[in-house]
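Just below is one structure, and these are the notes that go with it.
The values are calculated or read from the model by the stated rules, or taken from the named source; none is laboratory data. Treat the numbers as computed from the prediction; the structure is a model and nothing was measured. Note that each Cβ is placed from the backbone with ideal geometry, even for glycine, and that neighbours are counted across all protein chains shown.
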Amino acid sequence: MHATLVEPFAVPFMARALTELLLLAGLAGVVSTHVLTRRLGFVADAMTHTVFPGIVLGFLTAGVDGVLPGALAAAAVTAVLLTLLTRSRRVTDDTALAVLLAAMFAVGVVLVSRRASYTADLTSFLFGRLLTVTTGQIAQTAVVAGLVLITLALLHKELLLRAFDPQAAAAMGYRIWLLDLVLNLAVALVVVAAAQSVGTILVIALLVVPAATGRLISDRIAPITLAGVAVAALSGYLGLAISYRASVSHGLRLAGGATVVLTLVAVYLLTLLAGGLARAVQSRRTSDAVA
Amino acid sequence: MRPSRRPIAAFALAATLTAPLTACGDNTTAQPAAADGGKLAVVATTTQVADFARNIGGDKVTVTQILKPNIDPHDYEPTPADITAIGAAKVVVKSGIGLERWLDETISSAGFKGVTVDASTGVKIRQGNGDEEQKDGDPHIWHNPRNAKIMAQNIEKAFAAADPADAAIYQKNLADYSAKLDRLDADIQAKIDKLPPDGRKLVTNHNAFGYYIDRYQLEFVGSIIPSFDTSAELSAKDVDDIVSKIKKTGTKAVFSESSLPPKTAEAIARQAGVKVVAGEDALYGDTLGPQGSAGDTYLKMAEHNTDVLVQALGG
Amino acid sequence: MADPAATPPVVEALHIDHAAIAYDAEPVLTGVTGRVHAGEVVALIGPNGAGKSTLIKAVLGLVPVVGGTVTVLGRTPAAARRDVAYVPQADILDPQFPVSVAQVVLMGRYREVGWLRRPGRDDRRIAAEALAQVGLAERARATFGTLSGGQRQRVLLARAIAQRPRLLLLDEPFNGVDLVSQDALLGALRGLKRQGTAVLISTHDLALAQHVSDHACLLNRRMFGFGPTGATLTPDLLRATYGNQALELHGDQIVVAHH
């Protein structure tokens, strides 16, 4: 057990990968709760697609160094456009999203087709490069995490009210669109930050599964958030350990990011199962008592 | 439903159940290539340079090969085993000319303290096709056996420097292998010479054979995938261009590489009414073949490619 | 409450003067005129789609007033928001939302607490008192969604009470509410009335309207009447307001027959 759970992280590149994942667990775990209460799962998923043209444009403009700013810009534009579109009463969330998604993805495809190739640097954004994460990238993630978490903490009660009862929030004078913009931007930042390590394709798992698991355990925001962060951190740790052990001892190729996500889903399913079993035992006990 | 108490138990249960996931296979610790009976720990990136490294190093080295046969070298994501091996190695051999862009990041991540050998040092590089990926030039240098000799020499120099005690052995291995490469070169030249002068036209999956064509003076009519990147697709106009060129120049055969899907090659061959060489008989462009195949060493690969070409063009 | 003898003439809670309210180009509600004073309860009566919610939104400053004026506590609607509280219908809220009854009521204190700060002990005390006023103190720790519809409506009223408003707006608060909760709501509203809070309740339940309010405002895209309930909830005015919908008279109770 020690060989699997502790040894891998004595190696510097594994320790760095773990640090990055733990930071992301804290960040995504908290944002995940907001995604849950505001039902932004579709929005988050859309953003993982709309960053695509940003990545391509960034790469065309400035090579590898342009990928991150390009993704950031695309995510921010998505957040803003989405907020503006849904502000107009006539357009619902889903419609706005579908329109935006199609448009931006099409832009991305047009851009890519103009060149004959897109390289490993682009695909690394789609699939992530967990094991080669640098100290610089970790610092970047830490800054983003700090920024987002502090903002969400300061706006905690207003975001709660808006999520629960937008009519009352508006009646009290809160500008709904402004609160939505802040949250959409927060989600956008998480998408871009996490994309570098686990890839945009898997980011959605980090934004949805932690709070979903927390929701299985509790019906209060604070415990849900704590559980979400814990589950995300645990999955990051276990996923990395498993992928390392599989590769080094068994020659099995288990991509780091994907293994983390699979672990996350496994924890969710086990929690679901355990909850179901516990309920079955409970109702058995109740019916026994009645009988 | 009553909150708090039961769900927390449920969570604890879930957490406990995931623990066994870690139990499997923890009885062995990683075996880095380093301390393996005093052999020099070498990591080689591509199948070709790994083959050269094994030939030069013999049983004085342990070669860990990163890329497996038929894996695209451009888009590779290193595994923990790869990075661990690099961290423990004394020498890393790379093919160079931008083929392994992921290597630099990987090497710094691994905390590698040894020597990196660019096997392409001293090779005369052809111009790339203008793509971002080919900004350093065409990386497929090994298809010219004379370049392979230079690559082997670079590797020998590095081995001798890292392991001076066995320098004499490396020198001898190099001499032996260089002789084989010379023989190979002569063999290929002879086979090609047998082809009619106007029957040396080549259409393949992508421009991986630039150096071979230059060395043996064949004629390149066009490639099916116009750029070096294996993920680019052809437009309808591109296909028409190639088909008309094929018909105009009287090319007899279209070749598909073993690491790429043969469907595109077959489609063009059908339209142009020429022979398709695909699948098992295909050419090895980017990598060597898997163990047991016709191209699992460099020497075998080069002979195989030549035989396939000559047969298709001569027949 | 301030001592009446020492204060200048009390500002009206609400003064609407020939107001026309529109979402886009066309007004959806016109000709609304009336005053509401402290301690008065006004029922907004009219069929579905009459514009009752629209009027409430205009008083909250959420919908533009394109003709005439709407003055709230002597100010524009937007400027008066601090002293105005709104109670929406409870059944539009997600019962799965992970929040407790106490947390919901505490939301009424957010504006007073302000940005960046957290509610303090005083805020919690005020919230607890508000919850007690609707008779649900013992359910404070329960998850909001586990309460019955009527109980949830009472919690939303408690949230509004926690705001300590001078004007209270309720949107169809009695819809689908059981008798126990109905009583609790009426009791709380009477208490607020005594304290001098002005109340505006939109409802299509005439019986309840007569029970709780002393004034009525008849709406159906335009105003058909505004005044004391006795003088306003007459068969003639009601028929005019409801068009051709059947009305039944049971003694002094007037009921609109729903088809």
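Things to note:
- A:Ala230 meets all of the listed conditions (1) more than 25 Å from the chain's Cα centre (by Cα); (2) closer than 13 Å to A:Ile217 by Cα but one, namely (1).
- Inside region C:174-184, residues that are surrounded by 21 or more Cβ atoms within 10 Å (Cβ to Cβ) and modelled with pLDDT of 95 or more make up a count of 2.
- Total residues in region A:96-149, condition modelled with pLDDT of 75 or more, of a type in the set (Ser, Thr, Tyr) and over 21 Å from A:Leu202 (Cα atoms): 1
- Restricting A:Leu179, A:Leu238, A:Leu183 to residues that are surrounded by 20 or more Cβ atoms within 10 Å (Cβ to Cβ), among the aliphatic types (A, V, I, L, M), within 30 Å of C:Ile161 (Cβ to Cβ) and away from chain C (no Cβ under 14 Å) narrows the list to A:Leu183.
- Residue pairs meeting the criteria (Cβ under 8 Å; at least 6 apart or on separate chains; first within 14 Å of chain A (Cβ to nearest Cβ), in region C:54-78; second assigned to a strand (DSSP E or B) and aromatic (Phe, Trp, Tyr)): C:Ile56/C:Tyr86; C:Leu60/C:Tyr86
- With a requirement of 2 or more residues that are of a type in the set (Gly, Ala, Ser) and within 30 Å of A:Ile55 (Cα to Cα), the helices (runs of 4 or more DSSP H) lying completely within region A:151-245 that satisfy it span A:176-198, A:200-217.
- Counted as qualifying within region C:4-107 are the strands (runs of 3 or more DSSP E) with 2 or more residues that are of a type outside the set (Phe, Trp, Tyr) and surrounded by fewer than 18 Cβ atoms within 10 Å (Cβ to Cβ), namely C:14-22, C:27-36, C:65-72.
- For A:Arg279: the one exception among (1) of a type outside the set (A, V, I, L, M, F, W, C); (2) buried (at least 18 other Cβ atoms within 10 Å of the Cβ); (3) over 15 Å from A:Ala28 (Cα atoms): (2)
- Candidate set from region B:107-122 (those that are part of a loop (DSSP other than H, G, I, E, B) and within 14 Å of chain A (Cβ to nearest Cβ)); member that is nearest to the chain's Cα centre (by Cα): B:Phe112
- Positions within region A:242-267 being crowded, with 23+ Cβ neighbours inside 10 Å and within 10 Å of chain B (Cβ to nearest Cβ), in sequence order: A:Ile242, A:Ser243, A:Tyr244, A:Arg245, A:Ser247, A:Val248, A:Gly256, A:Gly257, A:Thr263, A:Val267
- Selection of helices (runs of 4 or more DSSP H) fully inside region C:134-215 by the criterion of at least 3 residues being of a type in the set (D, E, K, R) returns C:149-162, C:179-195.
- Selection over region B:76-99 of residues that are touching a helix residue (DSSP H, G or I) at 6+ places or on another chain (Cβ under 7 Å) and either free of Cβ contacts under 8 Å to residues at least 24 places away in the same chain or among the hydroxyl-bearing types (Ser, Thr, Tyr) (or both) gives a count of 4.
- Total residues in region C:108-124, condition assigned to a helix (DSSP H, G or I) and surrounded by 12 or more Cβ atoms within 10 Å (Cβ to Cβ): 8
- Any hit, region A:18-41, residues being over 17 Å from A:Val182 (Cβ atoms), among the polar types (S, T, N, Q) and part of a helix (DSSP H, G or I): yes
- Filtering region B:34-73 to residues that are in a strand (DSSP E or B), within 12 Å of the chain's Cα centre (by Cα) and surrounded by fewer than 24 Cβ atoms within 10 Å (Cβ to Cβ) leaves only B:Gln65.
Residues are listed down the side, and each one gets a yes or a no for (1) modelled with pLDDT of 95 or more; (2) buried (at least 22 other Cβ atoms within 10 Å of the Cβ); (3) closer than 18 Å to B:Asn55 by Cα; (4) within 11 Å of another protein chain (Cβ to nearest Cβ):
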{"residue": "B:Thr79", "(1), (2), (3), (4)": "no, yes, no, yes"}
{"residue": "B:Val92", "(1), (2), (3), (4)": "yes, yes, yes, no"}
{"residue": "B:Gly96", "(1), (2), (3), (4)": "no, yes, no, no"}
{"residue": "B:Lys124", "(1), (2), (3), (4)": "no, no, no, no"}
{"residue": "B:Gly130", "(1), (2), (3), (4)": "no, no, no, yes"}
{"residue": "B:Ala152", "(1), (2), (3), (4)": "yes, yes, yes, no"}
{"residue": "B:Glu156", "(1), (2), (3), (4)": "yes, yes, yes, no"}
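- Some residue of region A:246-254 being touching a His at 6+ places or on another chain (Cβ under 9 Å) and either closer than 30 Å to A:Val67 by Cβ or part of a helix (DSSP H, G or I) (or both): no
- Verdict on A:Thr4 being touching a Phe, Trp or Tyr at 6+ places or on another chain (Cβ under 9 Å), among the hydroxyl-bearing types (Ser, Thr, Tyr) and within 14 Å of another protein chain (Cβ to nearest Cβ): yes
- Flag for A:Ala227 being under 13 Å from A:Ala28 (Cα atoms), surrounded by 23 or more Cβ atoms within 10 Å (Cβ to Cβ) and more than 9 Å from chain B (Cβ to nearest Cβ): no
- Test: residue in region C:68-88 that is in contact with a Phe, Trp or Tyr (Cβ under 8 Å, 6 or more places away or on another chain) and within 19 Å of C:Cys217 (Cβ to Cβ): no
- Only listed residue being within 11 Å of another protein chain (Cβ to nearest Cβ), of a type outside the set (Ser, Thr, Tyr) and without any contact (Cβ under 8 Å) to a residue 12 or more places away in the chain, chosen from A:Ala139, A:Ala163, A:Ala169: A:Ala169
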